[in-house]
Amino acid sequence: MGIDLSGKVVIVTGGAKGIGEGCVQKFLDSNAIVISFDLDDSSLAIQESKHANLESSFSSHVVDVSNEAQVEDAVTKVLAAHGRIDGLINCAGIQTYGSVTDTTEEIWDRTFNVNVKSMFLTAKYVAPAMIAQKAGSIVNISSVQSLMSQKTVVAYAASKGAINALTRASAIDLAISGVRVNAILPGSVDTPMLRTSADMHRGEKSIEEVLADWGAGHPLGRIAKSSEIGDLAVFLISDESAFITGQSIVIDGGLSIQVPVILPGK
Ligand code: NAP
(Lines give C-alpha, C1' and ligand atoms only; values in the text may rest on other atoms or scores of the structure.)
Protein backbone atom coordinates (compact mmCIF):
# COMPACT_ATOMS: atom_id res chain seq x y z
CA MET A 1 0.00 0.00 0.00
CA GLY A 2 1.34 3.48 -0.88
CA ILE A 3 1.71 6.50 1.38
CA ASP A 4 -1.65 8.06 2.33
CA LEU A 5 -1.71 11.88 2.49
CA SER A 6 -5.48 12.24 3.00
CA GLY A 7 -6.33 15.73 4.32
CA LYS A 8 -2.87 17.15 3.49
CA VAL A 9 -2.76 20.31 1.37
CA VAL A 10 0.21 20.47 -1.01
CA ILE A 11 1.34 23.25 -3.39
CA VAL A 12 3.46 22.21 -6.39
CA THR A 13 5.18 25.04 -8.31
CA GLY A 14 5.96 24.43 -11.96
CA GLY A 15 3.16 21.92 -11.56
CA ALA A 16 1.82 22.02 -15.12
CA LYS A 17 4.70 20.20 -16.81
CA GLY A 18 7.66 17.90 -16.30
CA ILE A 19 8.77 17.02 -12.78
CA GLY A 20 6.07 19.26 -11.31
CA GLU A 21 3.37 17.46 -13.27
CA GLY A 22 4.80 14.11 -12.11
CA CYS A 23 4.63 15.38 -8.52
CA VAL A 24 1.04 16.61 -8.92
CA GLN A 25 -0.04 13.15 -10.14
CA LYS A 26 1.79 11.30 -7.35
CA PHE A 27 0.30 13.58 -4.66
CA LEU A 28 -3.19 13.06 -6.10
CA ASP A 29 -2.53 9.29 -6.12
CA SER A 30 -1.66 9.66 -2.41
CA ASN A 31 -5.05 11.34 -1.74
CA ALA A 32 -3.60 14.81 -1.04
CA ILE A 33 -5.34 18.08 -1.94
CA VAL A 34 -3.06 19.54 -4.63
CA ILE A 35 -2.69 23.09 -5.93
CA SER A 36 -0.59 23.56 -9.05
CA PHE A 37 1.20 26.93 -9.54
CA ASP A 38 2.62 27.61 -13.01
CA LEU A 39 3.35 30.38 -15.49
CA ASP A 40 2.14 28.30 -18.43
CA ASP A 41 -1.60 29.03 -18.49
CA SER A 42 -2.40 26.77 -21.45
CA SER A 43 -0.75 23.72 -19.83
CA LEU A 44 -2.52 24.55 -16.55
CA ALA A 45 -5.85 24.65 -18.44
CA ILE A 46 -5.12 21.17 -19.86
CA GLN A 47 -4.25 19.95 -16.36
CA GLU A 48 -7.48 21.48 -14.98
CA SER A 49 -9.57 19.61 -17.55
CA LYS A 50 -7.64 16.36 -16.96
CA HIS A 51 -8.50 16.55 -13.24
CA ALA A 52 -11.98 18.09 -13.62
CA ASN A 53 -13.49 15.07 -11.84
CA LEU A 54 -11.33 15.89 -8.75
CA GLU A 55 -12.81 19.36 -8.27
CA SER A 56 -12.30 19.39 -4.49
CA SER A 57 -8.77 17.95 -4.50
CA PHE A 58 -7.16 19.70 -7.50
CA SER A 59 -6.94 23.38 -8.39
CA SER A 60 -4.43 25.68 -10.03
CA HIS A 61 -3.22 29.27 -10.15
CA VAL A 62 -1.33 31.08 -12.90
CA VAL A 63 1.62 32.51 -10.95
CA ASP A 64 5.07 33.80 -11.78
CA VAL A 65 6.83 32.41 -8.71
CA SER A 66 9.71 34.85 -9.12
CA ASN A 67 7.28 37.74 -8.44
CA GLU A 68 6.70 38.45 -4.73
CA ALA A 69 3.25 40.05 -5.09
CA GLN A 70 1.98 37.14 -7.21
CA VAL A 71 3.35 34.53 -4.78
CA GLU A 72 1.79 36.30 -1.77
CA ASP A 73 -1.56 36.57 -3.56
CA ALA A 74 -1.62 32.90 -4.65
CA VAL A 75 -0.62 31.58 -1.21
CA THR A 76 -3.28 33.80 0.41
CA LYS A 77 -5.89 32.28 -1.94
CA VAL A 78 -4.78 28.73 -1.05
CA LEU A 79 -5.07 29.48 2.67
CA ALA A 80 -8.49 31.09 2.17
CA ALA A 81 -9.70 27.99 0.29
CA HIS A 82 -8.12 25.25 2.43
CA GLY A 83 -7.14 26.81 5.77
CA ARG A 84 -3.75 25.08 5.91
CA ILE A 85 -0.68 24.13 3.86
CA ASP A 86 1.18 20.91 4.70
CA GLY A 87 3.56 20.61 1.76
CA LEU A 88 5.35 22.84 -0.74
CA ILE A 89 7.20 21.32 -3.69
CA ASN A 90 9.27 23.91 -5.55
CA CYS A 91 9.73 22.54 -9.08
CA ALA A 92 9.51 25.72 -11.17
CA GLY A 93 12.83 26.38 -12.82
CA ILE A 94 14.59 27.19 -16.07
CA GLN A 95 17.66 25.74 -17.78
CA THR A 96 20.00 28.38 -19.20
CA TYR A 97 23.29 27.97 -21.06
CA GLY A 98 26.44 30.08 -21.12
CA SER A 99 30.05 29.94 -19.97
CA VAL A 100 31.61 32.21 -17.36
CA THR A 101 32.75 34.56 -20.16
CA ASP A 102 29.63 34.69 -22.33
CA THR A 103 26.77 34.55 -19.81
CA THR A 104 25.02 37.93 -19.84
CA GLU A 105 23.94 39.71 -16.70
CA GLU A 106 20.33 39.38 -17.92
CA ILE A 107 20.62 35.56 -18.13
CA TRP A 108 22.36 35.38 -14.75
CA ASP A 109 19.65 37.46 -13.07
CA ARG A 110 16.77 35.60 -14.75
CA THR A 111 18.25 32.22 -13.81
CA PHE A 112 18.65 33.23 -10.16
CA ASN A 113 15.23 34.93 -10.02
CA VAL A 114 13.36 31.90 -11.35
CA ASN A 115 15.48 29.12 -9.84
CA VAL A 116 16.43 30.54 -6.43
CA LYS A 117 14.45 33.67 -5.52
CA SER A 118 11.19 31.82 -6.28
CA MET A 119 12.03 29.16 -3.68
CA PHE A 120 12.80 31.84 -1.08
CA LEU A 121 9.53 33.66 -1.88
CA THR A 122 7.26 30.61 -1.75
CA ALA A 123 8.83 29.50 1.55
CA LYS A 124 8.54 33.05 2.93
CA TYR A 125 4.75 33.07 2.40
CA VAL A 126 3.99 29.37 3.07
CA ALA A 127 6.16 28.84 6.17
CA PRO A 128 4.12 31.08 8.52
CA ALA A 129 1.09 28.79 8.08
CA MET A 130 3.29 25.73 8.69
CA ILE A 131 4.83 27.35 11.79
CA ALA A 132 1.32 28.06 13.14
CA GLN A 133 0.42 24.39 12.50
CA LYS A 134 3.74 23.30 14.11
CA ALA A 135 4.15 20.98 11.10
CA GLY A 136 5.00 21.11 7.42
CA SER A 137 7.49 20.00 4.83
CA ILE A 138 9.14 21.90 1.98
CA VAL A 139 10.97 20.24 -0.91
CA ASN A 140 13.18 22.20 -3.31
CA ILE A 141 14.09 20.62 -6.65
CA SER A 142 17.81 21.20 -7.16
CA SER A 143 20.00 19.11 -9.49
CA VAL A 144 23.12 16.94 -9.54
CA GLN A 145 24.56 19.99 -11.29
CA SER A 146 24.76 21.55 -7.81
CA LEU A 147 27.48 18.98 -7.05
CA MET A 148 29.15 18.35 -10.41
CA SER A 149 29.23 20.33 -13.62
CA GLN A 150 29.58 20.37 -17.40
CA LYS A 151 30.58 23.12 -19.82
CA THR A 152 28.39 26.22 -20.44
CA VAL A 153 26.02 25.92 -17.47
CA VAL A 154 27.57 28.54 -15.22
CA ALA A 155 24.41 30.37 -14.08
CA TYR A 156 22.29 27.20 -13.90
CA ALA A 157 24.86 25.24 -11.86
CA ALA A 158 25.45 28.19 -9.51
CA SER A 159 21.68 28.58 -9.00
CA LYS A 160 21.37 24.90 -8.11
CA GLY A 161 24.22 25.15 -5.58
CA ALA A 162 22.41 28.13 -4.06
CA ILE A 163 19.25 26.02 -3.69
CA ASN A 164 21.14 23.47 -1.57
CA ALA A 165 22.42 26.28 0.68
CA LEU A 166 18.96 27.90 0.87
CA THR A 167 17.55 24.48 1.84
CA ARG A 168 20.04 24.02 4.70
CA ALA A 169 19.61 27.59 5.99
CA SER A 170 15.79 27.41 5.92
CA ALA A 171 15.84 23.96 7.53
CA ILE A 172 17.84 25.35 10.45
CA ASP A 173 15.50 28.34 10.84
CA LEU A 174 12.31 26.26 10.74
CA ALA A 175 13.32 23.04 12.55
CA ILE A 176 12.29 24.30 16.00
CA SER A 177 8.77 24.91 14.60
CA GLY A 178 8.43 21.34 13.33
CA VAL A 179 8.86 22.38 9.69
CA ARG A 180 11.28 20.36 7.53
CA VAL A 181 13.06 21.50 4.36
CA ASN A 182 14.92 19.17 1.97
CA ALA A 183 16.31 19.33 -1.56
CA ILE A 184 16.00 16.68 -4.27
CA LEU A 185 18.93 16.47 -6.71
CA PRO A 186 17.83 14.64 -9.89
CA GLY A 187 20.04 13.47 -12.72
CA SER A 188 18.41 13.61 -16.17
CA VAL A 189 14.61 13.36 -16.14
CA ASP A 190 12.39 13.00 -19.21
CA THR A 191 10.56 16.36 -19.26
CA PRO A 192 9.86 19.14 -21.79
CA MET A 193 12.92 20.98 -20.40
CA LEU A 194 15.25 18.02 -21.04
CA ARG A 195 13.77 17.46 -24.50
CA THR A 196 14.37 21.13 -25.36
CA SER A 197 18.01 20.73 -24.27
CA ALA A 198 18.32 17.54 -26.32
CA ASP A 199 16.89 19.35 -29.35
CA MET A 200 19.41 22.21 -28.92
CA HIS A 201 22.36 19.80 -28.81
CA ARG A 202 21.27 16.94 -31.07
CA GLY A 203 23.16 17.74 -34.29
CA GLU A 204 22.18 14.99 -36.77
CA LYS A 205 20.64 12.76 -34.08
CA SER A 206 16.98 12.53 -33.14
CA ILE A 207 15.85 13.72 -29.70
CA GLU A 208 15.15 10.07 -28.76
CA GLU A 209 18.73 9.10 -29.69
CA VAL A 210 20.17 11.94 -27.59
CA LEU A 211 18.00 10.94 -24.61
CA ALA A 212 19.17 7.32 -25.04
CA ASP A 213 22.82 8.51 -25.13
CA TRP A 214 22.29 10.60 -21.99
CA GLY A 215 20.54 7.64 -20.34
CA ALA A 216 23.55 5.43 -21.13
CA GLY A 217 25.68 7.88 -19.10
CA HIS A 218 23.67 6.95 -16.00
CA PRO A 219 24.86 3.60 -14.53
CA LEU A 220 21.23 2.36 -14.40
CA GLY A 221 21.24 2.85 -18.19
CA ARG A 222 18.36 5.30 -18.61
CA ILE A 223 17.08 8.72 -17.66
CA ALA A 224 14.42 9.05 -14.94
CA LYS A 225 10.66 9.41 -15.28
CA SER A 226 9.11 12.46 -13.57
CA SER A 227 6.92 10.07 -11.55
CA GLU A 228 10.08 8.68 -9.90
CA ILE A 229 10.94 12.16 -8.62
CA GLY A 230 7.28 12.47 -7.50
CA ASP A 231 7.61 9.27 -5.41
CA LEU A 232 10.56 10.77 -3.50
CA ALA A 233 8.69 14.07 -3.05
CA VAL A 234 5.68 12.23 -1.57
CA PHE A 235 7.99 10.42 0.87
CA LEU A 236 9.63 13.72 1.92
CA ILE A 237 6.24 15.38 2.56
CA SER A 238 4.93 12.37 4.48
CA ASP A 239 5.55 11.53 8.14
CA GLU A 240 7.60 8.53 6.90
CA SER A 241 10.49 11.03 6.60
CA ALA A 242 9.77 12.82 9.91
CA PHE A 243 13.44 12.94 11.05
CA ILE A 244 14.95 14.06 7.73
CA THR A 245 15.65 17.76 7.29
CA GLY A 246 18.22 20.02 5.59
CA GLN A 247 19.36 17.24 3.27
CA SER A 248 20.35 17.26 -0.41
CA ILE A 249 19.06 13.90 -1.63
CA VAL A 250 20.44 12.63 -4.93
CA ILE A 251 18.18 10.62 -7.29
CA ASP A 252 20.24 10.05 -10.41
CA GLY A 253 20.50 6.37 -11.34
CA GLY A 254 24.11 6.44 -10.09
CA LEU A 255 25.24 9.28 -12.40
CA SER A 256 27.19 11.07 -9.67
CA ILE A 257 28.96 8.03 -8.22
CA GLN A 258 30.75 6.94 -11.37
CA VAL A 259 34.33 7.88 -12.30
CA PRO A 260 33.98 8.80 -15.99
CA VAL A 261 37.20 6.99 -16.99
CA ILE A 262 36.26 3.57 -18.31
CA LEU A 263 38.82 0.76 -17.91
CA PRO A 264 39.81 -0.77 -21.28
CA GLY A 265 37.55 -3.70 -22.22
CA LYS A 266 34.94 -2.95 -19.49
P1 NAP B 1 9.95 21.90 -17.37
O2 NAP B 1 9.64 20.68 -18.12
O3 NAP B 1 10.38 23.12 -18.14
O4 NAP B 1 8.74 22.30 -16.41
C5 NAP B 1 8.89 23.43 -15.57
C6 NAP B 1 7.57 24.16 -15.42
O7 NAP B 1 7.84 25.33 -14.59
C8 NAP B 1 7.03 24.70 -16.76
O9 NAP B 1 5.63 24.52 -16.85
C10 NAP B 1 7.40 26.18 -16.70
O11 NAP B 1 6.55 27.00 -17.48
C12 NAP B 1 7.23 26.45 -15.20
N13 NAP B 1 7.89 27.71 -14.82
C14 NAP B 1 9.07 28.22 -15.28
N15 NAP B 1 9.29 29.42 -14.75
C16 NAP B 1 8.24 29.69 -13.91
C17 NAP B 1 7.91 30.78 -13.08
N18 NAP B 1 8.68 31.86 -13.00
N19 NAP B 1 6.76 30.71 -12.36
C20 NAP B 1 5.97 29.63 -12.46
N21 NAP B 1 6.22 28.56 -13.23
C22 NAP B 1 7.36 28.59 -13.95
O23 NAP B 1 11.15 21.61 -16.33
P24 NAP B 1 11.52 20.24 -15.55
O25 NAP B 1 12.51 19.51 -16.36
O26 NAP B 1 10.29 19.58 -15.05
O27 NAP B 1 12.33 20.87 -14.34
C28 NAP B 1 11.71 21.13 -13.08
C29 NAP B 1 12.82 21.45 -12.08
O30 NAP B 1 13.69 20.32 -11.99
C31 NAP B 1 13.71 22.62 -12.51
O32 NAP B 1 14.06 23.35 -11.36
C33 NAP B 1 14.92 21.93 -13.09
O34 NAP B 1 16.08 22.74 -12.99
C35 NAP B 1 15.02 20.72 -12.22
N36 NAP B 1 15.76 19.61 -12.81
C37 NAP B 1 15.37 19.05 -14.00
C38 NAP B 1 16.10 17.99 -14.54
C39 NAP B 1 15.71 17.32 -15.83
O40 NAP B 1 16.52 16.51 -16.35
N41 NAP B 1 14.56 17.59 -16.40
C42 NAP B 1 17.22 17.50 -13.85
C43 NAP B 1 17.58 18.08 -12.64
C44 NAP B 1 16.85 19.13 -12.13
P45 NAP B 1 7.11 27.52 -18.92
O46 NAP B 1 7.36 26.29 -19.74
O47 NAP B 1 6.02 28.40 -19.41
O48 NAP B 1 8.40 28.25 -18.62
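In whole Å, what is the distance between the alpha-carbon centres of the stretch 165-225 and the stretch 20-76?
21
Pairs K17/K205; K8/K124; K124/K151; K8/K117: which are spaced more than 29 Å apart, C-alpha to C-alpha?
Over 29 Å apart, Cα to Cα: K124/K151.
Could you compute the longest span of the chain free of GluC sites (Glu not before Pro) located in DSSP loops and having at most 12 other Cβ atoms within 10 Å, not counting the site residues?
The segment 56-203 is the longest one with no such site.
Once R0 is set to 30 Å, what does the formula 1/(1 + (r/R0)^6) return for the Cβ-Cβ distance between E240 and E55, expressed as a FRET efficiency to the nearest 0.05?
About 0.60, to the nearest 0.05.
Let me check against my output: what whole-number percent is the relative contact order of the chain, with C-alpha pairs under 8 Å and at least 6 apart?
20
Rounded to the nearest percent, how much of the accessible area of the chain (1.4 Å probe, protein heavy atoms only) is carbon and sulfur?
Answer for the chain: carbon and sulfur cover 56 percent of the accessible area.
Just want to confirm a number: the relative contact order over the stretch 1-45, from Cα pairs under 8 angstrom separated by 6+ residues, in percent.
After rounding, I find 45 percent.
How far is it, in nm, from the label point at M193 to the one at W108 when both lie 7 Å from their Cα along the line to the Cβ?
2.1
Want the number for R222 to S177: 0.36 nm per residue separation, take away the alpha-carbon distance, what's left?
Going from the current span to full extension adds 12.2 nm.
The values are calculated or read from the model by the stated rules, or taken from the named source; none is laboratory data. Since the structure is predicted, the reported quantities are computational estimates derived from the model, not experimental observations. Heads up, the Cβs are rebuilt from the backbone with ideal geometry, glycines too, and the neighbour counts pull from every protein chain shown. Protein only, heavy atoms only, side chains kept; ligands, DNA and RNA dropped before computing areas. Shrake-Rupley method; radii C 1.70, N 1.55, O 1.52, S 1.80 Å.
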